[in-house]
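Every number here is computed from the coordinates shown, using simple stated rules; none is lab data. Model, not experiment: these values are computed from the prediction. Counting neighbours? That spans all protein chains shown, and the Cβs are built from the backbone with ideal geometry, glycine included.
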Amino acid sequence: MKKSAKKSWHKTISRYCETLVVKRPIGTILVAALLALIGGYIYFFELYIISDRKQLISRNIESNQRYLEYIEEFGDNELLILVVQADERAPQPDSQQRAAMKKVADVWTDELRKQPEILPEVTKRIAWNGSGSAPLLYLSHAELQTMFQPILKHENLLHKVAENPALHNQFEVLNMLLKNAGNDTSLSRATLSSLLQALTQGLRALNLKLHGESNENDSILTTLIALNKHYDSNGYFFSENSRILTVYAKVIGDATAGNRYATALSYARTSLQKALATVPANMAIKAGIAGMPALESEELETTRGDFTRGAVLSLLGVTALFVLMFGNLVRPALAALCLGFSLALTFAFTYVTVGHLSLLAMIFAVILIALGVDFAIHFLTHYEQALANDMEPAQAIQHTYDAIGSALWMGGLTTAAAFLSASLTEFIGLAELGFIAGSGLIICLLVMYYVYPAMLFLLDTNFPKLRRGIKSHKRGNTLSDKLAGMKTNNSALKAFVLLFLLLITAAFLFGQYRFDTNLLKLQAVDGAANQWQRILIKNGDRSLFAIGTFKNRFDMAQARASFAKIPGIVHHTDTLFPYDEIGKRNYLGSVCSTLTEIKINQPELVSIFKLKRQVWGLRQQLRRFRKANAEAETAILPLQTETERLYKTLSSSSAGKLGKTVSTMQQAFTAQLFSARQAAREHLCPDLLKEESIPESLQRTFKSKNGQLALFIYPKQNTWEQESLQEFVQSIRKIEPNVIGELVSLYENGNSIIRSFLMATLYSLAAIILLLLLWTRSIETVLFSILPLVSSVAVLLFLMRNLPVPIEWNFTNFFALPILIGIGVDSGIHIVRAWHFNDDETLRSALKAVILSTTTTILGFGILATSEHMGVSSLGKVLVIGISACLFAALTLLPISLKLFVKRGH
Amino acid sequence: MKNRIKSQFAGCGPVLTLLIAFATIQAQENMTANYIVVKYGDEVATQGLAGGFLDNLAEYLGNEFSEFEDKVVRGHIANTPESAGTLLKSTNPVLAFVSIEFYLDHLLNKADMQVVAQVPRIGADKDRYYLIVGKDGPASLAELKNQTVRTKFAFSMPFLERVVFPPQFQPGEHFTLQAAENLADEIFLIIENAGGGFNTGEIGSASALLLDEELKHFFQEDELVWPEMKVIWQSDFLPPGLVVALGTSWNQKTILSLLTTFKKMQSTDLGAEILAMMQSPGFTPVDRNLLTKVTTRYLSRKTAK
């Protein structure tokens, strides 16, 4: 009874469609074309794409809400970061390179400040009012030790130099210093390298001066004193290894633009070219722009380019394949036109329902092309078969509706349901994509069900000659024929099925389940922002941190002290006030008294002989070092060259002329010693720090309008890696449960996205099973329909881990699972449905349609695998593998299982 | 009865503890194989500067010599007779890489001692001592009568007297031999011909410098030094550096195995790196004839003295 009711329901729909298509074909096509035109207009002129990640995340996550409140109060921390890098080959940038790096920073800053409406604040350095030790108080204890420990350690040498600031005495001290350094096992390789580099630089300057090529008054020892390159007396931001200089620019995005930061970023890049042009090329200074806005903008451009290119190539590729498969041009071209209608109508629908597209939702176009064409293929396969059997176009359409109408609807609706179920998830980006892709598929199904048959009817009625090319299938000459007529031994089949099921189980057990949350790995490898962000990370990234907010200084100090106790997790913390101010003032006080107590005498008269003797000593010492340590060869060679040059100069020049130059240098150096002692008094004997003396830029960053204080917590490890990020967030939450910031958001939203993808997978699976049950009322049919899907997921998981280049799940390719579920079940439905017809021809057509439609889907998604964006590319790869596995299972495991367990026609 | 046994054992507690502690220390000692390197008067022969070389050699021996397989191999280095003597006593080494002078002065009379190999260096399979002077300086050893000769900061006077110099030209008799604080500085003074002390109260320059094979090679390579100097005398040939096995743990088989380990150094990456650091083409069997000749001279002149 139920069966007959279902039949009449199907027939009613089929009759209605047939009437619409056959009686009103032109009207149907015109209405569709008109609506598509409106959709096209909306896409080009009305629909905008949002790129702000914050609009895609869940508002329900508490830390997200708190972070938005923080931004409201303190301002946004999304900064463009200028990264200026010195030549990587040199151990450390020398003073000329540092000056050039600062010059680039200055010019870039000046240029950016000309555009305050998009770049409202640029910070290149912290400018302290007046003198004093305040900036030093912001360095860590370790940094202060690095800076001043050599002075305290070699106090006796300082006294010796001050006692007689003659140049030969400086060299004598230098020889002693080198001898000590050579025997000092506690000295790190980096410190030794810095020492040698500073010496080389000092000797080079001395040589230039003796040859009358320079008027600078740098002495060897003043160069040595400036060994610590991290601290910059002008307040510029040098990295700990001094190789990188950074400048920070706040940026205002244009919410109405497709790429909100594009204008600002383009201006910043043009300005950078201007800035780089101001430094000589031989300085080997490179620079680029990193930071979240740059990464976001670059990702948007790449993804948009990838998706547009993917959509166009998919459409062309799929249509070309369609043409090849069916041996004529017109019918596939009409299908491509219908796909275009579907896309335009989906844009219009999106505009009315969602109001915008997002970075993630843009992928729907590729999905629609890859899957939408399948409806046309299924329809056309059966329709052409009917024409080949000498039916008239109207009869052929009626026959096709009867044969595959319900399977087409069920396949389409289950796929759409799989996507629509994603709209139930908490991650807004995924929910919107699920809704748009699901709705788009239904729209596409409607177009292919009504408009495409109307076009075919018009074509074949008005141009009957075109029908002559269509030939009936001959048995035994195609793969589908062989599959349909397959005759096999029963026990061998059972063994095969069992073995296959075992393999599937093994694949599930040894599959890929690791999730890589590193967003940088998703970006285009050669993206400029991505590359500079990586350079920043390599040199101690300070652009990513967590934030704690506090009502008073006392609570903040307590939390800060607790963070300092986990140095393996927290690199350091920054806020308005220095950490352990009293401790640091005491330390600086001891350095201050050491330096200010040094007694400085006037230098001895110049003795070129004594100077030459000390330089000779240095020369021999360096030769010995090189002999003893092959590793030191490269580090010592430049210094040895300068020493040789100096010795030769002293040996060859006239004593009187040299004596005069050296005397001037000695006097200048003595004056420098006096001023250095005075500077030590002023800079190293610290007063108590007062809040009003702290620069305004620091106050703005760390203090809100309402007086709340912010504490920035920097991670020790690379938090782009999930394990480090998790450990960091969980550890700091034990101290301050309400931490917020980009890092916390990355962590929370990452978890939210993974949860959403998992839920989307489960929802889509549940929706498909439910729909199939409602449709077939047979658990057996449902199980057979999902058999290719289940086995393809197993094979996919297995291959992802065991391929020569394994693929990990990530934020982009994880979406392949719901897509695969939506597509995978489709083939199963068509084959199972055809099996129930006790008719080889229908089964052959179904198998052919499955092969053709899946091949076009593979091609459609395969285009994505060639994308620049690594995330999109891996999505394409995962889909190609998954769908190929699904096709293989649909053509082997499913027919064999059906043959074994299900009687034809039931 | 039980209580009696208990009380007896209770009394043994501290003794047992001591025994266990002693056994542990013994076991630890047995687990370590120390070796020493002695290079008199070499400024860079310090634990700080030669640490990398010592670690490499220890690693090589630990990896390649089966007797050291389960042991922690540790290297120690000394550049003065005093520090070398202390090392010999404190580390109880099983191997010593030494110069002929240290061998004669300290190891010759040891009961459990076997010379395993020799280490030719810097292109010569035998060593020598040289006297160099400024290019306008004295022409022969005889002309150095009552002059000052300086040499590296640490050396063995008995060895120089008995083995290196001929009986008629003995240091302390024919000329004065002094340790130089800085040989490079001595050379500078000779080149500058500044023997007068420059009215600064400093000691004047020496008339000649006594160099071993390695020092001679070092200065010979210096284009600013060698053209300004000349060699006026050279000693008879001496064996190069020696490898000596010490202690009772050695037998014929292990000595041969050790020699094989040294011989194959050039064929391994680490071994080749060590040889490059030593500026040596490879370890070779000992030139027994030369060693016997030098030893005999050392012992006979000792008696004569």
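Compactness ratio for region A:791-837: Cα radius of gyration over 2.2 N^0.38 Å (N = residue count) comes to 1.47. Solvent-free Debye calculation, one equal scatterer per alpha-carbon of region A:759-836: log10 I(q)/I(0) at 0.16, 0.19 Å⁻¹ equals -0.63, -0.81.
Contact order for chain A, expressed relative to its length and based on alpha carbon pairs under 8 Å spaced 6+ residues apart, stands at 23 percent. Compared with the rule-of-thumb size 2.2 N^0.38 Å for a compact globular protein, region B:129-234 has a Cα radius of gyration ratio of 1.01.
At 0.36 nm per residue, and after removing the present C-alpha to C-alpha distance, how many nm does the segment from A:S663 to A:A142 gain when stretched out fully?
183.7 nm
Computed over the Cα atoms of region A:589-704, the ratio of the radius of gyration to the Kirkwood radius (Rg/Rh) comes to 1.19. Diagonalising the gyration tensor over the Cα atoms of chain A and scaling each eigenvalue by 5 before taking the square root yields semi-axes of 74, 28, 25 Å, largest first. The mean count of C-beta atoms from other chains within 10 Å of the C-beta of residues in B:42-49, rounded to a whole number, is 5.
Excluding residues fewer than 8 places away in the same chain, name every one of the aspartates and glutamates whose C-alpha is closer than 14 Å to that of A:K690. Within the straight-line limit of under 14 Å, A:K690 reaches these aspartates and glutamates: A:E581. Overall, the anisotropy analysis places chain B in the prolate class: the square-rooted eigenvalues a ≥ b ≥ c of its C-alpha gyration tensor yield a/c not less than 1.5, with a/b exceeding b/c. Note on A:E155 and A:L773: their simple-model spin labels are 8.4 nm apart, each label 7 Å out from Cα toward Cβ.
Under the convention that each Lys and Arg Cβ holds +1 and each Asp and Glu Cβ holds -1, the size of the dipole of region B:129-234 around its Cα centre is about 400 debye. Computed about the Cα centre, the dipole magnitude for chain A is approximately 1920 debye when only Lys and Arg (+1) and Asp and Glu (-1) carry charge, each at its Cβ. Between the listed residues A:G355, A:Y452, A:G202, the Cα displaced farthest toward the positive end of the dipole of chain A, a dipole computed from Cβ unit charges relative to the Cα centre, is found at A:Y452.
Of all aspartates and glutamates in the structure, those lying under 14 Å Cα to Cα from A:K660, and not within fewer than 8 positions of it along the same chain, are A:E604. Between B:L215, B:Q147, B:I190, the Cα set farthest toward the positive side of the dipole of region B:129-234 (charges on each charged residue's Cβ, about the Cα centre) is that of B:Q147. Inter-chain Cβ neighbour count for A:613-626, averaged per residue, equals 4 (cutoff 10 Å, partner chain atoms only).
Spin-label model, A:K179 to A:K690: label points 7 Å out along the Cα-to-beta-carbon direction sit 5.1 nm apart. Legend: mean number of C-beta atoms from other chains within 10 angstrom of residue C-beta atoms, peptide B:183-189, equals 4. Given R0 = 41 Å, the distance between the Cβ atoms of A:Q558 and A:I38 translates into a calculated FRET efficiency of 0.05. Suppose R0 equals 45 Å; then what is the FRET efficiency for B:K145 and A:Q273 from their Cβ-Cβ distance, rounded to the nearest 0.05? Calculated value: 0.05. Going from the fewest other Cβ atoms within 10 Å to the most, the residues A:E62, A:E868, B:E143 appear in the order A:E62, B:E143, A:E868. Inter-label distance, A:S697 to A:L316: 4.9 nm, where each label sits 7 Å from its Cα along the C-beta direction. Each residue of region A:291-443 gets 109 Å³ once the volume of the Cα convex hull is shared out per residue.
Set the bar at 28 Å for Cα to Cα. Now go through A:K23/A:K903; B:K71/B:K110; B:K39/B:K110; A:K250/A:K286 and name every pair that lies beyond it. Beyond 28 Å: A:K23/A:K903. Counted over the protein assembly as shown, the DSSP beta bridges are approximately 70% antiparallel. Nearest 5 is fine: what % of DSSP beta bridges in region B:129-234 come out antiparallel, could you say? Within region B:129-234, antiparallel bridges account for around 55 percent of the total. Per the Debye formula on identical point scatterers at the alpha carbon atoms of region A:550-627, with no solvent, log10 I(q)/I(0) at q = 0.12, 0.25 Å⁻¹ is -0.70, -1.13. Dipole orientation for chain A: of the candidates A:C338, A:I829, A:P804, A:P804 has the Cα lying most toward the positive pole (charges on Cβ; Lys, Arg +1; Asp, Glu -1).
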